[in-house]
Amino acid sequence: MLAILNVTAPFFALVLCGFLAARYRALPEDAVPALNAFVLYFALPCMLFRFAASAPFRDILNVPVFLAYSVAGLAVLGLAAAAARYAAGEPVREAAFAALAAAWSNWGYMGIPLIPALLGEAALAALIAAGMADLLVVVSAALAFASLDGRPGGARATLAGAGIHIAKNPLIWAVIVGGAFSALEAGLPAAMDQFVRLLGQAAGPVALFTIGVSLYRPGTRTKRADVLAIAAAKLLLHPGIAALAAVYAFHLPRLEVQTLVLAAALPVGGSVFLFAERHGANAERIAAVILVSTALAFVTFSALCWALGFQMPR
């Protein structure tokens, strides 16, 4: 367990540093958009491009991993939406975004730096496939469900908006361009490669710090039963279903199973808040779920690694 904590603690400590910096106003109030822009449009795309360009092309197009994580995400989405809609009696739109919070992990900002540190760089290919499943399948299904509330525009407009959002995501384009370089066995000039490498190396620390800064929202009510229930579904139910799908439905190799389980055990992705806010759902509740799930994930994520007997890469 100590070996696992030696890996996970520094990552969550960076998140805490960002939270404290925002809490005690060590950063200006407009720091979050600037930090997000650096991570989303510069650092993470460079990191993903370098990996995709250097990995064998067949590893990037990992269809079984994509399908396994899609099935797990859709199962969690359906169960959480049904519970919110029929057990808690919530409106369709609120149930849809509560379910999306339970099914969408923070794989970009937190998973990309953390999971390869635990399992080795080979895990990054499966993590990218899982992330694409989230963006292309799980988010689309959640937004389609949310559109059933009868608001103007309906499913077609909602899905069109989601498609535009996904098409503009620089992480997807980084993987596509890197995959093209891999397929063509092309390389960057030395100076450009060094430039991309330097930006990519900044991705992990800055992304984790940015998570912490964005988590500080004064007045957020976290001690609510619905917030805790959604966080529990994200941190416990999602990895359990991901394990079942990866092992029994798709019979994936051990490393890919571990990667998908850890990806599912990550806290709620921050983009759920943006989607909920844009579609008029209860964004304040989603913000609380993101905060609670991130705080609890240090314990649940580390405990899961220990319980499953994960061996740290040498």
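Every number here is computed from the coordinates shown, using simple stated rules; none is lab data. Keep in mind that this is a model prediction, so the values were computed, not measured. Cβ placement follows ideal geometry from the backbone for every residue including glycine, while neighbour counts extend to all protein chains displayed.
Binned at 10 Å from 0, what are the whole-percent values of the Cα-Cα distance distribution for segment 85-132, short to long?
24, 35, 20, 18, 3
Hey, could you grab the Kirkwood Rh for segment 244-301? Inverse mean 1/r over distinct alpha carbon pairs, Å, one decimal.
Working: mean 1/r = 0.0767 Å⁻¹.
That comes to 13.0 Å for segment 244-301.
Amide H of Ser105 versus every other amide H placed in the peptide plane: which residues, excluding those fewer than 5 positions away on the same chain, fall under 5 Å?
Residues meeting the criterion, in which the H sits 1.01 Å from N, are Gly269.
Viscosity 1.567 mPa s, temperature 4 °C: give me the Stokes-Einstein translational D for segment 56-137 in µm²/s, with Rh taken as the Kirkwood radius over C-alpha pairs.
Numbers: Rh = 13.7 Å.
It comes out at roughly 94 µm²/s.
From the backbone phi of segment 279-291, what are the Karplus-calculated ³J(HN,Hα) couplings (6.51 cos²θ - 1.76 cosθ + 1.60, θ = phi - 60°) in whole Hz, Gly and Pro given as x?
Taking θ as phi minus 60°, the curve returns 9, x, 8, 7, 5, 5, 5, 4, 4, 5, 5, 4, 4 Hz for segment 279-291.
In terms of modelled amide H atoms, which long-range or inter-chain residues lie less than 5 Å from the amide H of Glu90?
Result for Glu90 returns Arg85.
In the Gaussian network model of the chain, springs joining C-alpha atoms below 10 Å, which of Ala43, Ala83, Ala287 carries the largest mean-square fluctuation?
Looking only at Ala43, Ala83, Ala287, the biggest GNM fluctuation is shown by Ala83.
Based on the Kirkwood radius over alpha-carbon pairs, what is the Stokes-Einstein translational diffusion coefficient of segment 26-77 at 20 °C with 1.002 mPa s viscosity, in µm²/s? Can you show the working numbers first?
Working: Rh = 14.0 Å.
It comes out at roughly 153 µm²/s.
No solvent, one uniform scatterer per C-alpha: report log10 I(q)/I(0) for the chain via the Debye equation at q = 0.06, 0.13 1/Å, two decimals.
-0.18, -0.93
Please work out the Cα center distance from segment 234-264 to segment 172-223, rounded to the nearest Å.
The two parts, judged by their Cα centres, are 24 Å apart.
Report the FRET efficiency, 1/(1 + (r/R0)^6), for Ser54 and Leu244, where r is their Cβ-Cβ distance and R0 is 30 Å, rounded to 0.05. Mind dumping the intermediate values first?
On the way: r = 32 Å, r/R0 = 1.08.
Step by step, r from the Cβ atoms, then E = 0.40.
Hey, what number do you get for the chain at 222 nm if only DSSP H runs of n ≥ 4 count, each worth -39500 (n - 2.57), divided across all residues, to the nearest 500?
Numbers: 18 runs with 217 residues, N = 314.
Taken over the chain, the calculation gives -21500 deg cm²/dmol.
Rounded, prolate or oblate for segment 1-118? Axes are the square roots of the Cα gyration tensor eigenvalues, ordered a ≥ b ≥ c, and the cut-off for rounded is a/c under 1.5. Spell out each step's value before the answer.
Values: a/c = 1.72, a/b = 1.15, b/c = 1.50.
Taking the square roots of the gyration eigenvalues as a ≥ b ≥ c, segment 1-118 is oblate.
With the radius of gyration and the Kirkwood radius both derived from the Cα set of segment 185-265, what is their ratio Rg to Rh?
Values: Rg = 19.2 Å, Rh = 16.5 Å.
My calculation of the ratio gives 1.17.
Relative contact order of the chain: what whole-number percent is it, with Cα pairs under 8 angstrom and at least 6 residues apart? Please report the intermediate quantities before stating the final value.
Numbers: 470 pairs, mean separation 105.3, N = 314.
Across the chain, relative contact order equals 34 percent.
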